[in-house]
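Okay, so here's the structure we're looking at.
Just so it is clear, none of the values below were taken in a lab; they were calculated from the coordinates. Fair warning: this is a prediction, and the values are worked out from it, not measured in the lab. A quick note on method: Cβ atoms are made from the backbone with ideal geometry, for glycine too, and the neighbour counts reach across all protein chains shown.
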Amino acid sequence: MPGFELFGDAERKELNDVLENGVLMRYGFDGMRNGHWKAKELEIEIENRFSVKHAQLTSSGTTALNTALAIMGVGAGDEVIMPCFTFVASFESIIASGASPVLVEIDDTLTMDPKAVEAAITSRTKVVMPVHMCGAMAELDALKEICKKHNLLLLEDACQAFGGSYNGKMLGTIGDAGSFSFDFVKTITCGEGGAVITNNDEYGLHADQYSDHGHDHIGNDRGVESHSYMGTNYRISELHAAVGLGQIKKMDEFINIQRKNHSILKTALSTIPEVSFRRIPDEEGDSCGFLSFFMPTAELSDKVVEAFKEFGIDACWNYFNNNWHYIRKWDHLKEIKSLYPLSDQINKALQNINDQNFPQSDDLISRNISCLIKLSWTEEEVKDRASRMVQAIKSIL
Ligand SMILES: *Cc1c(COP(=O)(O)O)cnc(C)c1O
């Protein structure tokens with residue numbers, strides 16, 4: 001998955017364009033920039049490649065989520081439903097918006113369980129935020145149906161599934177808005193960066209303004225531009241956008257490599273009856289950034305992780321013991337460890353999370369192993385890795 005593995009001349013060329021004129025900011029300074037608008041160009045690339053009307057770059061995937069929630073009008077008193085298996089950015093952005101996070105179980109797709117979503121809806125629910133974890137998609141048809149029935153908005157966190165699709169549509173473009181991350185370990189990297197995408201014209205306009213202090217971006221004198229509402233600064237720099245522009249041109253190549261490597265590993269592991277794989281609602285749309293599988297018990301899963309180390313297999317994890325991706329280790333959330341006071345409503349929501357159990361997710365995550373698919377492996381290396389993975393798993397059965 002990490003695009004940094006294939007950082008090269010294309011990224012250096014785009015960066016040099018920016019360094020040569022020294023305009024490191026994405027807005028203004030028209031005369032000095034020799035026609036270079038890297039952030040603008042990258043947004044257009046995203047709009048074209050994803051067939052989406054609006055792409056707004058931001059400083060990170062987290063600020064892309066913050067922006068998405070703001071343009072959807074999420075704030076004090078609202079509830080946002082999110083899965084209990086995701087990156088911490090999900091609840092961070094919801095809390096930053098002033099809304100309350102409501103956590104639900106995942107199912108064997110490793111993404112939010114639509115039945116759990118439906119059961120969690122209250123009169124305060126405003127947004128359902130599925131996270132396409134580890135490269136593949138949530139049950140988007142079922143989630144869309146629920147949102148339609150209850151008049152809710154759908155925000156897709158596609159930060160880990162860049163380039164994946166569902167029934168022929170790119171992930172991130174199916175909900176009311178979607179978010180990407182271009183941090184250093186994602187499929188396409190800017191170093192740091194993110195994007196909000198949407199087909200809603202009002203959301204698109206508001207994303208552009210909100211992420212730059214409310215600037216209306218009319219005319220070419222920033223000092224006299226006006227503001228219709230309060231915004232903030234989630235701008236990406238031209239330097240970061242330049243790296244992303246070099247990277248995104250290799251997007252198809254990256255996804256093809258991931259799919260090829262993924263297929264070799266999955267075929268090898270399929271020969272072991274004790275191994276089962278995550279359910280993928282649309283196999284063809286898997287971005288294949290990870291290969292995720294289950295062992296029959298948590299004990300066997302722990303043993304496989306140990307055996308992988310012995311057999312020299314890196315980049316494979318069991319998220320049950322991970323501090324950043326699963327509710328079990330989010331003590332800071334459950335114990336409401338905040339540097340500043342939170343609203344009564346958020347405090348209550350976090351107490352509810354502390355009282356909640358996630359037995360279905362505990363079972364799945366404790367038996368799961370997710371392996372990163374790298375871009376830089378040679379075919380020989382992938383084949384060798386596949387046979388060592390099989391040997392490692394068989395050694396503990
Ligand atoms: C990486 C990631 C984010 C946040 O992205 P940053 O650019 O690191 O802020 C959000 N959600 C998910 C699922 C992620 O993997």
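Which FRET efficiency value, to the nearest 0.05, do you get for GLU253 and ASN357 by plugging their Cβ-Cβ distance into 1/(1 + (r/R0)^6) with R0 = 35 Å?
0.20
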Note to self: On a straight-distance basis, which aspartates and glutamates could pair with LYS303 in a cross-link, Cα separation under 19 angstrom, same-chain partners fewer than 8 positions away excluded?
What the structure shows: GLU274, ASP314, ASP362, ASP363
Item checked: Residue-wise HN-Hα coupling along region 47-55, computed from phi with Karplus coefficients 6.51, -1.76, 1.60 (Hz; x: Gly, Pro) -> 4, 6, 5, 9, 6, 10, 6, 9, 10
Note to self: Which entries of LYS250/LYS329; LYS40/LYS144; LYS40/LYS148; LYS186/LYS266; LYS115/LYS148 have Cα-Cα distances beyond 25 Å here?
What the structure shows: LYS250/LYS329; LYS40/LYS144; LYS40/LYS148
Checklist line | Amide H contacts of ASP216 (H built 1.01 Å from N, under 5 Å, at least 5 apart or other chain) | finding: SER226
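Please sort by residue number the trypsin sites (Lys or Arg not before Pro) in region 73-172 whose DSSP state is loop and whose Cβ has at most 12 other Cβ atoms within 10 Å.
Within region 73-172, no trypsin sites (Lys or Arg not before Pro) qualify (loop, at most 12 other Cβ atoms within 10 Å).
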Check: What is the sum of charges around VAL127, taking Lys and Arg as +1, Asp and Glu as -1, for the other residues whose C-beta is under 14 Å from the C-beta of VAL127?
Finding: -1
Checklist line | Spin-label model distance (nm) - ASP9 vs THR297, 7 Å beyond Cα toward Cβ | finding: 5.6
Check: Taking the Cα centre of region 252-396 as the origin and placing charges on Cβ (Lys, Arg +1; Asp, Glu -1), which of SER376, PHE277, ILE313 is farthest toward the positive end of the dipole?
Finding: ILE313
Item checked: Residue among CYS159, CYS147, CYS190 with the largest mean-square fluctuation in a Gaussian network model of the chain, springs linking Cα atoms under 10 Å -> CYS147
Next item on the list: Just flag the chymotrypsin sites (Phe, Trp or Tyr not before Pro) in region 186-259 sitting in loop per DSSP whose Cβ has no more than 12 other Cβ atoms within 10 Å.
Entry: TYR229
Margin query: Quick check on the chain: take the gyration tensor over C-alpha atoms, sort the square-rooted eigenvalues as a ≥ b ≥ c, and tell me if it's rounded (a/c under 1.5), prolate or oblate.
Written below: oblate
Margin query: I'd like the trypsin sites (Lys or Arg not before Pro) in region 329-397 restricted to DSSP loop residues with at most 12 other Cβ atoms within 10 Å, sorted by number.
Written below: LYS337
Next item on the list: Report, by chain and number, residues whose modeled amide H sits under 5 Å from the one on PHE277, excluding near sequence neighbours (fewer than 5 apart, same chain).
Entry: PHE294
Checklist line | For the chain, calculated [θ]222 nm from helices alone, where every DSSP H run of n ≥ 4 adds -39500 (n - 2.57) | finding: -12500 deg cm²/dmol
Notebook entry, point to check: Long-range amide H contacts for VAL104: which residues qualify at under 5 Å (H placed 1.01 Å from N, peptide plane, sequence gap of 5 or more or a different chain)?
Noted result: MET82, CYS84
Item checked: Summed side-chain charge close to ASP314 - residues other than ASP314 whose Cβ falls under 10 Å, Lys, Arg +1, Asp, Glu -1 -> +3
Item checked: Karplus 3J(HN,Hα) series, Hz, for region 126-140 with 6.51 cos²θ - 1.76 cosθ + 1.60 (x for Gly, Pro) -> 10, 9, 10, 10, x, 10, 7, 6, 6, x, 10, 8, 6, 6, 5
Note to self: Can you compute the charge dipole magnitude of the chain about its Cα centre, using +1 on each Lys and Arg Cβ and -1 on each Asp and Glu Cβ, nothing else charged? Give it in debye, rounded to the nearest 20.
What the structure shows: 400
Notebook entry, point to check: What Cys residues in the chain are without a partner cysteine, judged by a Cβ distance under 4.7 Å?
Noted result: CYS84, CYS134, CYS147, CYS159, CYS190, CYS288
Checklist line | Relative contact order (%) - criterion: Cα under 8 Å, at least six apart; region: the chain | finding: 21
